[in-house]
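The values are calculated or read from the model by the stated rules, or taken from the named source; none is laboratory data. The structure presented is a predicted model; accordingly, all values stated were derived computationally and were not measured. Note that each Cβ is placed from the backbone with ideal geometry, even for glycine, and that neighbours are counted across all protein chains shown.
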DNA sequence: CGGGCTATTGATTCCAGTCAATACTCGTGG
DNA sequence: CCACGAGTATTGACTGGAATCAATAGCCCG
């Protein structure tokens with residue numbers, strides 16, 4: 001695999017298993033950036049700086065496909081579709097990270113955990129596993145780091161979802177009970193208003209303060225190449 | 001330019017001027033993703049989904065270079081360095097967004113605003129403008145959206161930096177007085193301990209709870225292509 | 001001048017972080 | 001086998017930082 005700062009030369013594709021990629025800040029704290037699993041690509045961040053800026057750690061037995069970057073470039077010379085696939089994958093990563101930024105910037109703890117569960121559920125479904133019942137491969141601490149929350153908040157939120165009938169939780173084992181509510185959740189009713197094992201759906205709290213899209217206020221000069 | 005959902009066909013390079021790129025969520029709230037300026041590329045998010053997932057808005061008069069994606073791909077066939085440059089730029093964007101994620105996930109409001117100012121200062125320097133005195137092209141609201149803060153918090157933080165002698169603020173005009181402190185700042189002393197126009201540097205609050213890097217706990221199977 | 005957008009500042013609320021105690025899981029060795 | 005300890009998870013009490021609500025002022029442009 002690779003560690004931070006190591007010279008970049010190869011990309012990685014997950015054939016099977018689960019990993020995390022992490023960034024280590026100037027104080028040694030680690031921040032989880034992604035949880036690659038089957039079909040996911042990582043190591044791309046090394047292309048620009050010639051060194052990996054993040055580090056991958058296996059969370060289970062893993063089977064990886066190594067993709068030496070130079071060799072890949074050569075293949076791209078003769079197989080245009082490969083090249084386009086790479087652009088596409090990198091673009092997808094970019095969009096995914098945009099989603100992360102938008103989530104971290106705007107959503108409550110509950111909404112983040114809900115999204116995380118939905119996303120996991122969908123990814124497991126894509127891989128042919130059950131989307132309704134699965135085991136987390138990562139700790140609460142790692143989930144928290146990924147979502148910009150503390151492990152206690154993650155734990156509490158999962159417990160609240162459980163109380164609320166949206167999921168079942170037993171340690172690492174998660175059962176999805178009400179995917180729709182998880183999908184659309186913004187905020188849970190206050191705990192004072194919760195009844196044990198309540199089965200009614202989470203209502204929208206409809207945050208709002210909506211702003212119309214700002215119009216252009218600058219002129220535009222364009223030139224094609 | 002382009003709007004969200006519009007079919008993707010061209011990339012954009014900023015020749016001069018300032019823009020913002022925004023994501024619009026399901027309630028119409030806009031989230032600022034970046035502030036492209038001279039030399040920056042945007043529109044890349046469209047490659048994967050064939051549609052732009054974000055939207056660019058000019059914050060001043062702008063001069064853009066259009067780069068039709070198909071034409072670019074053709075040029076790449078004959079000019080290998082172009083192709084590599086594109087990988088590099090996309091990789092750079094990926095690293096930048098990783099930095100955003102890590103910032104939003106871990107840093108205080110003060111640290112975010114400080115980083116934002118340092119980054120602006122460096123980018124202005126790169127463009128040949130003054131790194132010590134410049135005008136913001138965006139509102140407090142847009143800065144807040146970009147940093148995952150409210151406009152009030154941005155305003156208060158700038159005022160605090162001013163009181164503290166780190167910067168001068170007059171509406172959109174920012175003067176950088178103590179770049180080093182901005183660079184290394186984690187947390188300001190409590191306001192009760194502040195004196196007007198204090199000139200002493202912000203000290204490190206040294207957050208810590210450092211975690212060692214977790215070791216692999218999975219076996220690894222690798223295969224080269 | 002007046003109206004709309006932008007910015008500053010104050011008062012208050014509340015969500016998530018921190019600190020802390022306890023329990024569950026699992027592997028290791030007496 | 002059970003005890004022990006380390007890592008992980010749950011839950012409670014409390015705190016604090018940023019959001020929210022609100023009032024005022026500055027700026028720009030018709």
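Quick check on this structure: which one of B:13, B:73 is surrounded by 14 or more Cβ atoms within 10 Å (Cβ to Cβ) and touching a residue at least 24 places away in the same chain (Cβ under 8 Å)? Of B:13, B:73, the one residue that is surrounded by 14 or more Cβ atoms within 10 Å (Cβ to Cβ) and touching a residue at least 24 places away in the same chain (Cβ under 8 Å) is B:13.
In the range A:100-117 there is at least one residue that is away from chain B (no Cβ under 13 Å) and within 10 Å of DNA strand C (Cβ to nearest atom). Regarding the range A:68-75, can at least one residue be identified that is facing another protein chain (nearest Cβ under 9 Å) and not in a helix (DSSP H, G or I)? Yes, the conditions are met somewhere in the range A:68-75. Scanning the range B:37-49 for any residue that is under 16 Å from the mean Cα position of the chain (by Cα), part of a strand (DSSP E or B) and more than 9 Å from chain A (Cβ to nearest Cβ) turns up at least one such residue.
In this structure, does residue B:169 turn out to be part of a strand (DSSP E or B) and either within 13 Å of DNA strand C (Cβ to nearest atom) or buried (at least 17 other Cβ atoms within 10 Å of the Cβ) (or both)? Criteria met by residue B:169. One residue stands out among those in the range A:187-202 that are in contact with a helix residue (DSSP H, G or I) (Cβ under 9 Å, 6 or more places away or on another chain) and within 10 Å of DNA strand C (Cβ to nearest atom): the one that is modelled with the highest pLDDT, which is A:187.
For residue A:89, the stated conditions do not hold, so it cannot be described as touching a residue at least 40 places away in the same chain (Cβ under 8 Å) and either under 30 Å from residue B:153 (Cα atoms) or not in a helix (DSSP H, G or I) (or both).
Pairing each residue of the range A:161-178 that is within 15 Å of residue A:116 (Cβ to Cβ) with any residue that is at pLDDT below 95, provided the two are 6+ apart or on different chains, yields no C-beta distance under 6 Å. No other residue among A:147, A:120 is under 27 Å from residue B:95 (Cβ atoms) and within 10 Å of DNA strand C (Cβ to nearest atom) apart from A:147. Of the residues examined, residue A:107 is one that is within 30 Å of residue B:29 (Cα to Cα), within 14 Å of DNA strand D (Cβ to nearest atom) and modelled with pLDDT of 95 or more. Could you tell me whether any residue of the range B:137-157 is outside the structural domain of residue B:36 (by TED's automatic domain parsing), touching a residue at least 24 places away in the same chain (Cβ under 8 Å), farther than 26 Å from residue B:97 by Cβ and in contact with a helix residue (DSSP H, G or I) (Cβ under 9 Å, 6 or more places away or on another chain)? No, the range B:137-157 contains no residue that is outside the structural domain of residue B:36 (by TED's automatic domain parsing), touching a residue at least 24 places away in the same chain (Cβ under 8 Å), farther than 26 Å from residue B:97 by Cβ and in contact with a helix residue (DSSP H, G or I) (Cβ under 9 Å, 6 or more places away or on another chain).
Under the condition of being surrounded by fewer than 19 Cβ atoms within 10 Å (Cβ to Cβ) and under 22 Å from residue B:94 (Cβ atoms), the residues counted in the range A:107-117 number 1. Can you say whether residue A:56 is over 30 Å from residue B:52 (Cβ atoms), at pLDDT 95 or above and more than 7 Å from chain B (Cβ to nearest Cβ), as far as the supplied structure shows? Here the answer is yes, as residue A:56 does meet what is asked.
If I ask for residues that are within 11 Å of chain B (Cβ to nearest Cβ) and within 8 Å of DNA strand D (Cβ to nearest atom), which ones from the range A:132-159 would you list? Once the filter is applied, which keeps residues that are within 11 Å of chain B (Cβ to nearest Cβ) and within 8 Å of DNA strand D (Cβ to nearest atom), the range A:132-159 yields A:138, A:139, A:141, A:142.
In the set (1) surrounded by 16 or more Cβ atoms within 10 Å (Cβ to Cβ); (2) modelled with pLDDT of 95 or more, the condition left unmet by residue B:86 is number (2). Filtered by the rule that a residue be in a strand (DSSP E or B) and more than 20 Å from the chain's Cα centre (by Cα), the range A:1-25 gives A:7, A:10.
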